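Have a look at the structure below before the remarks.
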Amino acid sequence: MNLLNRPRRLRRNAAIRGLIQETVLNVKDFIYPLFVVEGEGIKEEIESLSNNYHFSIDMLKDEIDEITNLGIKAVILFGLPDKKDSYGSEAYSDDGIVQRAIREIKRINEELLVVTDICMCQYTDHGHCGILKDGYVDNDETLKYLAKIALSHAKAGADMVAPSDMMDGRIAAIRSILDENGFTEVSVMAYSAKYASAFYGPFRAAANSAPECGDRKSYQMDPANSDEALREVELDIKEGADIVMVKPALSYLDVIRRVKDKFNMPLAVYNVSGEYAMIKAAAEKGWIDEKSIVLEKLLSMKRAGADIIITYHAKDAAQWLKEE
Ligand code: PBG
């Protein structure tokens, strides 16, 4: 055969493949989610998120050391309060679960970047992400609370706040309260295109945050839309977001690519609980090779345009990348 073009020439061996490799996974890309609970002496595996745990604050030391030794540079905190009310007041208490966890993590390792999720659903007795008025989440009233939560996290020492509530105008509300209080260096990572997704199921079991009634479709986005994702991202950038996010990741790789192509912004993706649980369950059955699948999946998110990946696989992936 007289073939001029033989793409296989560049796939002959690992060295040559390495030369033309376009996308590289790096432990520096990862943010690892941590769930903190009230109480003492607690390190309990989360049933719906195997190999992830609920930690009481006194049990964080070994976990933070392990994360640090693996080379992971950032965590995102989720708190499970033991008291809930209609205003989610534990979420902005200076002595709340997340505020104390931030201080403890910073005491253990000042260098570890601490990101906090800003939302009310774990803290409200009705489980919605804001203040309810006649059964509907009141946008503008909720903004005041989100701003208070962000401020209390910044005061406790958070490096970055990540609003995941999907209210309109929240980035501006948070940016202005942070700036007014001298926290100009605290960055905002906006969950800009957050879809009303069934892939959050295992997280809601882990965080005890499922809505008591109804769903989140009046604030989270319709999975059918991607032009709308671009509008959401644009608004968040205009309001002062430092990093924008697409969530979930795996079923939304097309949205990730569109956002990356259109906006010259650092882009995070959230590899959510349902995506994690599916792989874990299939791996436990022996149906898939977990390591290869996880690394391929994380690579696909970067290839689609992600700079940052929030993932429950972070510790495993960090270990595997070290071994390679
Ligand atoms: C809080 C929040 C959720 C997730 C992150 N922050 C749940 C939700 O919106 O219902 C989901 C994360 C995951 O599934 O891993 N609003």
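The values are calculated or read from the model by the stated rules, or taken from the named source; none is laboratory data. Computed from a prediction, not measured in an experiment: that's the story for all the values here. Quick reminder, even Gly has a Cβ in these numbers, built from the backbone with ideal geometry, and neighbours come from all protein chains shown.
Things to note:
- Extreme residue, surrounded by the most Cβ atoms within 10 Å (Cβ to Cβ), among residues of the range 25-54 that are free of Cβ contacts under 8 Å to residues at least 60 places away in the same chain and either outside any strand (DSSP E or B) or among the β-branched types (Val, Ile, Thr) (or both): 38
- Those residues of the range 103-113 which are surrounded by fewer than 24 Cβ atoms within 10 Å (Cβ to Cβ) and either part of a strand (DSSP E or B) or touching a helix residue (DSSP H, G or I) at 6+ places or on another chain (Cβ under 9 Å) (or both), in sequence order: 103, 104, 106, 108, 109, 111, 112, 113
- At least 2 residues being over 29 Å from residue 46 (Cα atoms) and within 16 Å of the ligand (Cβ to nearest atom) is the threshold, and among the helices (runs of 4 or more DSSP H) wholly inside the range 119-230 those reaching it are 139-156, 170-180.
- Taking the listed residues 96, 39, the one that is farther than 26 Å from residue 247 by Cα and in contact with a Pro (Cβ under 8 Å, 6 or more places away or on another chain) is 96, with no other qualifying.
- The listed residues are 215, 242, and the only one of them that is at pLDDT 95 or above, on the phi < 0 side of the Ramachandran plot and not aliphatic (A, V, I, L, M) turns out to be 242.
- Every residue from the range 77-113 that is farther than 26 Å from residue 136 by Cα, within 16 Å of the chain's Cα centre (by Cα) and within 16 Å of the ligand (Cβ to nearest atom): 77, 98
- Checked across the range 277-287, the condition of being closer than 27 Å to residue 190 by Cβ and surrounded by 22 or more Cβ atoms within 10 Å (Cβ to Cβ) holds for no residue.
- Pairs where the first residue, in the range 242-264, is in contact (Cβ under 8 Å) with a residue 12 or more places away in the chain and among the aromatic types (Phe, Trp, Tyr) and the second is away from the ligand (no atom under 15 Å from the Cβ) and part of a helix (DSSP H, G or I), C-beta under 7 Å, 6+ apart: 263/233; 263/237
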